[in-house]
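Input: a single structure, listed below in structure tokens.
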Amino acid sequence: MTEIWLKTNRRALCFGAAFALLLGCAGAVLGTGLFGRIENGILRLAGWLLVSLALLMLANLAWQARRPRLAYEPGRLLVFLRSGGPIRVPLEIVEGFLLGQAPGLLPGKRLLDAPTSSVVIRLAERAEEWAMLEVKPALGSWCGHYVTLRGTWCEPLSVDLVHRLNARLAEVKRQPHGGQPDGRQPRGRQAAP
């Protein structure tokens, strides 16, 4: 069972949906010839192609809205920073969450380096295989045992939210078996007598 810890930024997705709807409406006007007689078959075809593109964009945005940025399943932190499935990080190497800042990487020269809030996940240095991973740069970065999730694509970030993430992390780590899905003890910890 998956528990969502950090949601995606649905407000940003709504802006994308508004653009897709405008594109779809313009395409429908061209495709149907609603305003005036459009005899040109190429223009009508282009209109229906725009409608199809808008529908694909809306489907993609709906799929993105359902994906969290962080989730938990027993023994693993699920990090959604690339296409496809989540990156399943063993809970035993997740040390904590921090509130930070990172470049927003928004379109346009003026906004490219504009700072945005971010959530930083600190991973244990002993886990060398988790030091660097390739992720989608617009969503975040993964470098040197620090995973940064850009706030542009997350629900609104605050100190309280980071405190809740750290409290929940501590809670699941205290669960029997250290939150491991198969009941085994994490490396370096002994079972309580």
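Read the figures in this text as sums done on the coordinates, not as results from a lab. Small disclaimer: the values here were computed from a predicted structure and weren't measured. Glycine gets a Cβ as well: all are built from the backbone with ideal geometry, and neighbour counts include every protein chain shown.
With neighbour counts taken as other beta-carbon atoms within 10 Å, the residues 121, 4 rank, fewest first, as 4, 121.
Each of residue 160 and residue 174 was given a label point 7 Å from its Cα along the Cα-to-Cβ line. The distance between the two points is 2.2 nm. For segment 70-179, a Kirkwood radius taken over Cα pairs fed into Stokes-Einstein (20 °C, viscosity 1.002 mPa s) yields D = 148 µm²/s. A simple spin-label model places the labels of residue 98 and residue 43 5.9 nm from each other, with each point 7 Å out along Cα-to-Cβ. Expressed as a fraction of 2.2 N^0.38 Å, the value expected for a compact globular protein of N residues, the C-alpha radius of gyration of segment 18-99 is 1.80. Given R0 = 30 Å, the distance between the Cβ atoms of residue 73 and residue 53 translates into a calculated FRET efficiency of 0.30.
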